[in-house]
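Have a look at the structure below, then the notes.
Throughout, read-outs are computed from the coordinates displayed, never taken from laboratory work. It should be emphasised that the depicted structure is a prediction, and the values quoted were computed from it without experimental measurement. Neighbour counts are summed over all protein chains in view; Cβ atoms, including those assigned to glycine, are modelled from backbone coordinates with ideal geometry.
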Amino acid sequence: MSDFVTIVKNRRSANKFIEGTEIPASDLEEIFSLAKFAPSAFNLQHTHYVVVTDPAKKEEVYEAAYKQYKVKTASAAILVLGDTKAYEQTAAIYEGMKNLGILSKQEYDKMVEDTVRFYESRGEAFQKEEAIRNASLSAMQLMLIAKEKGWDTCPMIGYDPEKMAQILHIPERYVPVMLITMGKADLSSERPRGYRKPTSEFVSFNTFS
């Protein structure tokens, strides 16, 4: 088993990749099959990934990402989306527990009703926040899994979300959360890791201090 601490410490945001490196479909399948175990509120699994490996389509993504070199050289560009209407799938997601007898019909109906009401009563702003929050949890797990599999990544917010949505035909219910580039990092000009605050500067106990 891989040393988790080593993976956490060695994961770096890659600024450029070794161009022409192809990610096997089997590697992507393994990465996403583990990423699905990331936590999500009410188990609604808000995250959807659009993986771009086709060179022509990746060139369009490169343009929408303001021609950043890391996108051009990456083996894959992955748009992370959050589903603002994930709660509408509550009944389907919980149905398995009902069919297995884990939930009674009464418990199932109440869980579905309570979850849907929870999201609908809080409105669109909260639904968008939840989509971003849950997709971000999944994306972080994805990057750690990728590192364990030998692939480097870089989370990015530098792109035109409207243009990206148009290029990749994203339905309106999904909010673009971040773009993740993935490949084999080109370490020829890698800089030392940036300054990290000591824990005393960002951790408080019992009250903010």
Check your understanding: Do any of Lys85/Lys197; Lys16/Lys163; Lys67/Lys147; Lys9/Lys70; Lys98/Lys149; Lys110/Lys163 go past 29 Å between their Cα atoms, and which?
Key -> Lys85/Lys197; Lys98/Lys149; Lys110/Lys163
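Please report His48, His169 as a ranked list, fewest other C-beta atoms within 10 angstrom at the top and most at the bottom.
Details: His48 19, His169 7.
Going from least to most buried by this count: His169, His48.
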Review point. For the chain, what is the charge dipole size about the Cα centre, in debye to the nearest 20, if Lys and Arg each add +1 at the Cβ and Asp and Glu each add -1 at the Cβ?
Key: 740 debye
**Study point:** Pair-distance profile P(r), taking every C-alpha pair of the stretch 89-174, with 5 angstrom steps and integer %
**Key:** 3, 11, 12, 15, 16, 16, 13, 8, 5, 1
Practice item. Work out, in µm²/s and without decimals, the Stokes-Einstein translational diffusion coefficient of the stretch 24-201 at 10 °C, 1.306 mPa s, Rh from Kirkwood over C-alpha pairs. Key: 88 µm²/s
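Going by the alpha-carbon gyration tensor, a ≥ b ≥ c the square roots of its eigenvalues, is the stretch 1-62 rounded (a/c under 1.5) or, if a/c is not under 1.5, prolate (a/b greater than b/c) versus oblate?
On the way: a/c = 1.94, a/b = 1.23, b/c = 1.58.
Since a/c reaches 1.5 but b/c is at least a/b, the shape of the stretch 1-62 is classed as oblate.
Ordered by packing density, taken as the mean number of other Cβ atoms within 10 Å over each peptide's residues, highest first, how do 53-60, 157-164, 4-11 rank?
Working: 53-60: 13.1, 157-164: 14.9, 4-11: 11.5.
The densest-packed peptide leads the list: 157-164, 53-60, 4-11.
Can you tell me which of 188-194, 97-103 comes out highest on packing, and rank the rest after it, using the mean Cβ neighbours within 10 Å?
Put in order of decreasing packing, that is 97-103, 188-194.
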Revision key, fill the gap. In order over the stretch 144-150: 3J(HN,Hα) from phi, Karplus 6.51/-1.76/1.60, θ = phi - 60°, whole Hz, x for each Gly or Pro, gives 5, 5, 4, 4, 4, 8, x
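What number, rounded to the nearest 500 deg cm²/dmol, is the helix-based mean residue ellipticity at 222 nm of the chain, given -39500 (n - 2.57) per DSSP H run of at least four residues and division by all its residues?
Working: 7 runs with 94 residues, N = 209.
After summing the helix terms and dividing by the residues of the chain, the value is -14500 deg cm²/dmol.
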